[in-house]
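S.K.: Mind looking over this structure? Questions follow.
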Amino acid sequence: MTEKQLSDLILPEHIGIIMDGNGRWAKQRGLERSEGHKAGANVFRNICNYGADIGLKYMTFYAFSTENWKRPPKEVASLMKLFRDYLDEAEQRVKENEKRGLKFHLVGEKKGLPGDIVRKLDALERRSADKDVMTVNLAINYGGRDELVHAFKALARRVKAGDLNPDDISEKDISDNIFTSGQPDPDLIIRPSGEYRLSNFMIWQAAYSEFWYSDILWPDFTSDDLDKAIIDYCKRSRRFGGV
Ligand code: FPP
């Protein structure tokens, strides 16, 4: 996007992306699915940096769902390796990420993830906690329903302890007990690859999100595609149930 275009737009504050189509991208090229994920991880790097450079405040990338454990062990292992490599690289590129002002946050369940990945994620979260240009939510071992179950359990514990009256439970209590607590809901959710589903992604937070779909497979997604999605979003009229 040019400086002029950028200054004319009111950008979405938070964009969520369902990074889909890696497998089909690999198949079209006669490659292993893991090669598609690898190409997808590089696109994630570019789009994440581009989002921060144009002034987005939050981006959430759906990288691994609670349902993705059902995939063949070889594919799961290849995805875990990509996360591991990215986290190691983030450690090496600490200066570059710091300069860009990226704050990293895990949106997902630590339980079930390999211990070394959890430790690397914790370290990255800690190290980047004071950055304020853009928050990068890594949705790994994430499920929207799972997230809500955890929130309801936390609230139920407070009710049991006599800390909370069930009649006083509000929407804010739920928003405060999910992984994106304290963040704005996504204004725009992007799903490439020709699928028109939310697939358990931010089902609470997406109540008033705008959706943008495209046939492009994630490994082919470019910053121009992100621009297109943002420009389309800016033309929409959001009424949040009002008139
Ligand atoms: C869905 O495409 C994609 C995934 C389950 C994995 C997404 C993960 C990445 C792009 C890597 C991210 C890396 C980091 C470091 C955060 P699919 O495999 O279901 O595609 P298909 O529908 O074409 O088979």
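S.K.: Take the residues of region 163-195 that are away from the ligand (no atom under 16 Å from the Cβ) and of a type in the set (A, V, I, L, M): which is farthest from SER237 (Cα to Cα)?
M.R.: Filtering first and then ranking leaves LEU164.
S.K.: Just one of (1) of a type in the set (S, T, N, Q); (2) surrounded by 20 or more Cβ atoms within 10 Å (Cβ to Cβ); (3) in contact with a Gly (Cβ under 9 Å, 6 or more places away or on another chain) trips up THR180, so point out which.
M.R.: Among (1) of a type in the set (S, T, N, Q); (2) surrounded by 20 or more Cβ atoms within 10 Å (Cβ to Cβ); (3) in contact with a Gly (Cβ under 9 Å, 6 or more places away or on another chain), the lone unmet condition for THR180 is (3).
S.K.: Can you say whether GLY16 is more than 8 Å from the ligand (Cβ to nearest atom), touching a residue at least 60 places away in the same chain (Cβ under 8 Å) and assigned to a helix (DSSP H, G or I), as far as the supplied structure shows?
M.R.: no
S.K.: Return yes or no: is PHE152 within 15 Å of the chain's Cα centre (by Cα) and free of Cβ contacts under 8 Å to residues at least 60 places away in the same chain? Walk me through it before giving the result.
M.R.: Working: within 15 Å of the chain's Cα centre (by Cα): no; free of Cβ contacts under 8 Å to residues at least 60 places away in the same chain: yes.
In short, no.
S.K.: For region 53-132, which fully contained helices (runs of 4 or more DSSP H) count at least 3 residues that are at pLDDT below 95 and of a type in the set (Lys, Arg)?
M.R.: 94-100
S.K.: Given the conditions (1) near the ligand (Cβ under 8 Å from one of its atoms); (2) within 17 Å of GLY144 (Cβ to Cβ); (3) in contact with a His (Cβ under 8 Å, 6 or more places away or on another chain), and given that ASN22 satisfies all but one, which numbered condition is not satisfied?
M.R.: ASN22 satisfies every listed condition except (2).
Listed here are the residues, each with its yes/no results for (1) at pLDDT 95 or above; (2) of a type outside the set (S, T, N, Q); (3) touching a Phe, Trp or Tyr at 6+ places or on another chain (Cβ under 8 Å); (4) exposed (fewer than 14 other Cβ atoms within 10 Å of the Cβ).
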position	(1), (2), (3), (4)
THR2	no, no, no, yes
SER7	no, no, no, yes
GLU13	yes, yes, yes, no
GLY16	yes, yes, yes, no
GLY21	yes, yes, yes, no
TRP25	yes, yes, yes, no
GLU32	yes, yes, no, no
ALA41	yes, yes, yes, no
GLY51	yes, yes, no, no
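S.K.: Condition check: modelled with pLDDT of 95 or more and under 19 Å from PHE221 (Cα atoms). Does ARG45 satisfy that?
M.R.: Values: modelled with pLDDT of 95 or more: yes; under 19 Å from PHE221 (Cα atoms): yes.
Criteria met by ARG45.
The values are calculated or read from the model by the stated rules, or taken from the named source; none is laboratory data. Just so it is clear, the structure is predicted and the values come from calculations on it, not from any experiment. Positions of Cβ are backbone-derived with ideal geometry, glycine not excepted, and every protein chain shown enters the neighbour counts.
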